[in-house]
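For reference, the structure is listed below as structure tokens.
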Amino acid sequence: MLSFLGDRVYRRLFTAQVVALLGTGLLTVALGLLAFDLAGARAGAVLGTALAIKMIAYVGVAPVVNAAVARLPVKPVLVGADVLRAAMALCLPVITEVWQVYAVVFVLQAASATFTPAFQSVIPAVLPRERDYTRALSLSRLAYDLEALVSPALAAVALTVLSYHDLFLGTAGGFVASAVLVLAAAVPAGAAGRGEQGSLWHRTTLGARIFRGTPLLRSLLALDLAVAAPTALVLVNTVVYVREVMGRPETDLALALAAFGIGSMVVALCAPAALDRFGNRAVMLTGAGAIPPVLLATTLLSFRAGADTGWWALLGLWMLLGAATSAVLTPSARLLRDASDETTRPYVFTAQFSLSHACFIVTYPVAGWIGASAGLGWSAAVLTAIAVVGAGVATASWPRDPMRSSVVGEDGDREHHD
């Protein structure tokens, strides 16, 4: 399964992804504790707003920046984004006001909105074989799960001897290490300078137009909505469940987030074999279908949980949610690759990055503000309803004819290969 790691370029790029995500995982834990220090029981509202700002940066910045840098070599774009992310992480330890959190989060995530789609669009050029690319996607999903597993575990250990403010230094170090590794990688020339045709507006909207004209990608957007519901619940309200409702120590926040990561990693490890046997549709729709009942169980737990109840149930539910979301997310880049060619691929990946995160503009405030004002139970109930809509629309709209699953033209109007 890991033979493609013999490719030196991919190995360096993958290592860069891993170290950056380790730093991002430290940021997730530290930001939650910073929000609790600044806002107490309303930490969920602060995190919900901060994460909604993050999504606004993703949705508003990613398509424009990708179009603006389309003619530039990809390596300096990636390195510049990493340097800016490191600088913003170094600002977080000295923050004393909530509005400062929002400002730094916006700039940091605008840099991430530049880095991530560019990075993802390079990998198909580095690993052109179908088998290698599929297994690289599984490995990439495992790398993302490090943010919810290894990083929280490291944070839990570090918090026994350090202040959570020191975790932000680890975040900055991860971004710096990522920049160094990208500099050392010989990125293929074909992965840069593409998609040069048309105006800035044409390039900015190209990915969205391809999504509009491709039935399978429209179904993927519904799946993005289904995934956004449990992800928002976990990222926004875990700190409230752990610290406020159950009265558990700071280190248990890391453990709860790690449970989500464990579930995701298990599915990511099994994904290549499952995809080879059952295909994208069965795997992804099964994952989406599992999300609403687990969220419903979380809703019931939320109305009953207290200081002496619910901890082990919470860990189990978080593991199931991690597994279900991973079943949807791991194969998604296969759909994007099949729906694009070398000219349109950066725009399709950027559109997925932007449009999928637009779903969080809805779910993050629901998780944060409804949780803070009406209670965690009602927040989980609304998110359950959102997940039902997303999973239902995706199941009903996914085309069964594989010939209708991809579009590679630049106009975004052709719905299937002839």
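The values are calculated or read from the model by the stated rules, or taken from the named source; none is laboratory data. Fair warning: this is a prediction, and the values are worked out from it, not measured in the lab. Note that we place each Cβ from the backbone using ideal geometry, even for glycine, and neighbour counts take in every protein chain shown.
Assorted remarks:
- Test for residue 24: is it β-branched (Val, Ile, Thr) and touching an Asp or Glu at 6+ places or on another chain (Cβ under 6 Å): yes
- Options 38, 21, 33, 27; residue that is buried (at least 24 other Cβ atoms within 10 Å of the Cβ) and either in contact with a Ser or Thr (Cβ under 8 Å, 6 or more places away or on another chain) or assigned to a helix (DSSP H, G or I) (or both): 27
- The listed residue being buried (at least 18 other Cβ atoms within 10 Å of the Cβ) and either under 28 Å from residue 128 (Cβ atoms) or out of contact with any helix residue (DSSP H, G or I) (no Cβ under 8 Å at 6 or more places or on another chain) (or both), out of 385, 381, 327, 374: 327
- Scanning segment 189-210 for residues that are over 20 Å from residue 55 (Cα atoms), at pLDDT 80 or above and crowded, with 24+ Cβ neighbours inside 10 Å turns up at least one hit.
- Some residue of segment 224-235 being modelled with pLDDT under 90 and either over 23 Å from the mean Cα position of the chain (by Cα) or β-branched (Val, Ile, Thr) (or both): no
- Filter pass, residue 135 being among the charged types (D, E, K, R) and either assigned to a helix (DSSP H, G or I) or modelled with pLDDT of 80 or more (or both): yes
- Whenever a residue of segment 59-85 is touching a residue at least 24 places away in the same chain (Cβ under 8 Å), its partners that are among the basic types (Lys, Arg), lying with C-beta atoms within less than 8 angstrom and at least six residues away or across chains, give the pairs 66/203; 67/203; 70/194; 70/203.
- Of all residue pairs spaced 6 or more apart or on separate chains, those with beta-carbon atoms under 8 Å, a first member in segment 203-228 that is closer than 9 Å to residue 347 by Cβ and charged (D, E, K, R) and a second member that is in a helix (DSSP H, G or I) and modelled with pLDDT under 80 are 203/66; 203/67; 203/347.
- Every condition in (1) surrounded by fewer than 23 Cβ atoms within 10 Å (Cβ to Cβ); (2) modelled with pLDDT of 95 or more holds for residue 245 except the one numbered (2).
- Exclusive hit being over 17 Å from the mean Cα position of the chain (by Cα) and at pLDDT 80 or above, set 71, 11, 85, 42: 11
- Residues located in segment 264-294, provided they are in contact with a Phe, Trp or Tyr (Cβ under 9 Å, 6 or more places away or on another chain) and either more than 23 Å from residue 389 (Cα to Cα) or of a type in the set (Phe, Trp, Tyr) (or both): 268
- Qualifying residues in segment 252-308 (those that are closer than 14 Å to residue 137 by Cα and not hydrophobic (A, V, I, L, M, F, W, C)) - the one farthest from the chain's Cα centre (by Cα): 276
- Taken as a whole, the structure places residue 121 among residues that are surrounded by 23 or more Cβ atoms within 10 Å (Cβ to Cβ), in contact with a Phe, Trp or Tyr (Cβ under 6 Å, 6 or more places away or on another chain) and hydroxyl-bearing (Ser, Thr, Tyr).
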